[in-house]
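The values are calculated or read from the model by the stated rules, or taken from the named source; none is laboratory data. The shown structure was predicted, so the numbers you read here are calculated from the model rather than taken from an experiment. Here Cβ is always computed from backbone atoms with ideal geometry, including for glycine, and neighbour counts include all displayed protein chains. To get the accessible areas, we keep the full protein, side chains included, count just its heavy atoms, and leave off ligands, DNA and RNA. Shrake-Rupley method; radii C 1.70, N 1.55, O 1.52, S 1.80 Å.
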Amino acid sequence: MRNYNLFRLTEVEGLCCAVPESSAVPAFIGSGRWTFGGKLEDGCRTPLDFDGRAADTAVRFNGFYLFQTVDRRFIA
């Protein structure tokens, strides 16, 4: 798994955006509606709902991976 920066949408509980550390952060993240939620690194805590294969595919086409989690560790 690659390393990601995780961002959380403040208005929707559990909606996350994972952006590879090596990629530019999408412009919509800077709208003030998203907060930094930490780093996802190989071997470290990862949301239970995070799908690595789906993330790889989404990053290839979009540059980021949007997903919703119910993992309480990642919900503010």
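Tell me, yes or no, whether the range 1-17 has at least one residue that is more than 14 Å from ASP71 (Cα to Cα), of a type in the set (Val, Ile, Thr) and open to solvent by less than 20 Å² (accessible area, probe 1.4 Å). No, the range 1-17 contains no residue that is more than 14 Å from ASP71 (Cα to Cα), of a type in the set (Val, Ile, Thr) and open to solvent by less than 20 Å² (accessible area, probe 1.4 Å). From the set of residues in the range 18-50 that are out of contact with any strand residue (DSSP E or B) (no Cβ under 7 Å at 6 or more places or on another chain) and among the charged types (D, E, K, R), which is nearest to GLN68 (Cα to Cα)? Here the answer is ARG45. Consider ARG33 carefully, then state whether it is more than 11 Å from the chain's Cα centre (by Cα) and surrounded by 13 or more Cβ atoms within 10 Å (Cβ to Cβ). Yes, satisfied. With respect to PHE28, determine if the residue is free of Cβ contacts under 8 Å to residues at least 40 places away in the same chain and under 12 Å from the mean Cα position of the chain (by Cα). For PHE28, the condition - free of Cβ contacts under 8 Å to residues at least 40 places away in the same chain and under 12 Å from the mean Cα position of the chain (by Cα) - is not met. Set side by side, the residues THR57, THR46, THR35 differ, and just one is assigned to a strand (DSSP E or B) and either in contact with a helix residue (DSSP H, G or I) (Cβ under 9 Å, 6 or more places away or on another chain) or farther than 12 Å from ARG2 by Cα (or both), which is THR35. Among all positions in the range 40-53, there is no residue which is of a type in the set (A, V, I, L, M, F, W, C), at pLDDT 95 or above and surrounded by fewer than 17 Cβ atoms within 10 Å (Cβ to Cβ). Take the residues in the range 64-76 that are over 11 Å from the mean Cα position of the chain (by Cα) and either of a type in the set (S, T, N, Q) or surrounded by 14 or more Cβ atoms within 10 Å (Cβ to Cβ) (or both), then tell me which one is modelled with the lowest pLDDT. Among those that are over 11 Å from the mean Cα position of the chain (by Cα) and either of a type in the set (S, T, N, Q) or surrounded by 14 or more Cβ atoms within 10 Å (Cβ to Cβ) (or both), it is ILE75. Is it the case that PHE61 is buried (at least 18 other Cβ atoms within 10 Å of the Cβ), without any contact (Cβ under 8 Å) to a residue 60 or more places away in the chain and not aliphatic (A, V, I, L, M)? So PHE61 does not fit the description; no.
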